[in-house]
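Values quoted throughout were computed directly from the atomic coordinates according to the rules given, and no laboratory measurement underlies them. Since the model is a prediction, treat every value here as computed from it, not as a measurement. Cβ placement follows ideal geometry from the backbone for every residue including glycine, while neighbour counts extend to all protein chains displayed.
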Amino acid sequence: MKSKTWHEKHEEEQDFGDKVADSVANGIGSWRFIIWQTIIVICWMIVNVISFIKHWDPYPFILLNLIFSTQAAYAAPIIMMSQNRQNERDRIQAQHDYQINIDAKNEIEALQIHLSKIETEKLDKIIEMLKERGVKI
């Protein structure tokens, strides 16, 4: 069985509100949302400027401004919650990367010590073999 990564563990720890905030932030921060909102606003303005029926939101589009204000009032804190979670994920990843680097450093140091020991043993054997052959060192 494969062990879970830190990211998978972090995803499992998120509650419903966290997932909703991330989804909303991803949606609001997309080109799809910007394009659809632009289309709706343009249609809203056109219908209210050249409408043959009663204008429900005449210029200066006070109702549209109220809608945008309400949207901003809810979107800003939701986006901030999502950003805070992203910062937490980044902090956890940085800590995880740091720990991996420390472990790798320790392994490299252990390998260097082991290789140095092997090299010393080889040199000792070479010196011993040379002495056995009568070579002065």
Could you go through the range 30-41 in sequence order and give the Karplus-derived ³J(HN,Hα) for each residue, using 6.51 cos²θ - 1.76 cosθ + 1.60 with θ = phi - 60°, rounded to whole Hz, and x for Gly and Pro? 10, 5, 4, 5, 4, 5, 5, 5, 4, 4, 4, 5
With +1 on the Cβ of every Lys and Arg and -1 on the Cβ of every Asp and Glu, and nothing else charged, how large is the dipole of the range 58-105 about its Cα centre, in debye rounded to the nearest 20? 60
What residue among 114, 102, 87 has its Cα farthest toward the positive end of the dipole of the range 82-137, where the charges are +1 on Lys, Arg and -1 on Asp, Glu, each on the Cβ? 114
Which value, in debye to the nearest 20, describes the size of the charge dipole of the chain about its Cα centre when Lys and Arg Cβ atoms bear +1, Asp and Glu Cβ atoms bear -1, and nothing else is charged? 320
Among 40, 50, 26, flag the residue with its Cα farthest along the positive direction of the charge dipole of the range 16-132, charges on Cβ as +1 for Lys/Arg and -1 for Asp/Glu. 50
Using alpha-carbon positions, the gyration tensor of the range 1-51 gives root eigenvalues a ≥ b ≥ c; with a/c under 1.5 called rounded, otherwise prolate if a/b exceeds b/c, else oblate, the class is prolate
Evaluated over the chain, the Cα radius of gyration and Dmax, each in Å: 33.2, 116
Please give the calculated 222 nm ellipticity per residue for the chain, where each DSSP H segment of at least 4 residues contributes -39500 (n - 2.57) and the sum is spread over every residue; nearest 500 deg cm²/dmol? -29500 deg cm²/dmol
Computed about the Cα centre, the charge dipole of the range 57-137 from +1 Lys/Arg and -1 Asp/Glu charges at the Cβ has a magnitude in debye, to the nearest 20, of 320
Does the range 32-80 come out rounded, prolate or oblate, given a ≥ b ≥ c as the square roots of the eigenvalues of its C-alpha gyration tensor, rounded meaning a/c under 1.5 and, failing that, prolate meaning a/b above b/c? oblate
How much length, in nm to one decimal, is gained on full extension between residue 63 and residue 40, taken as 0.36 nm per residue of separation minus their Cα-Cα distance? 6.9 nm
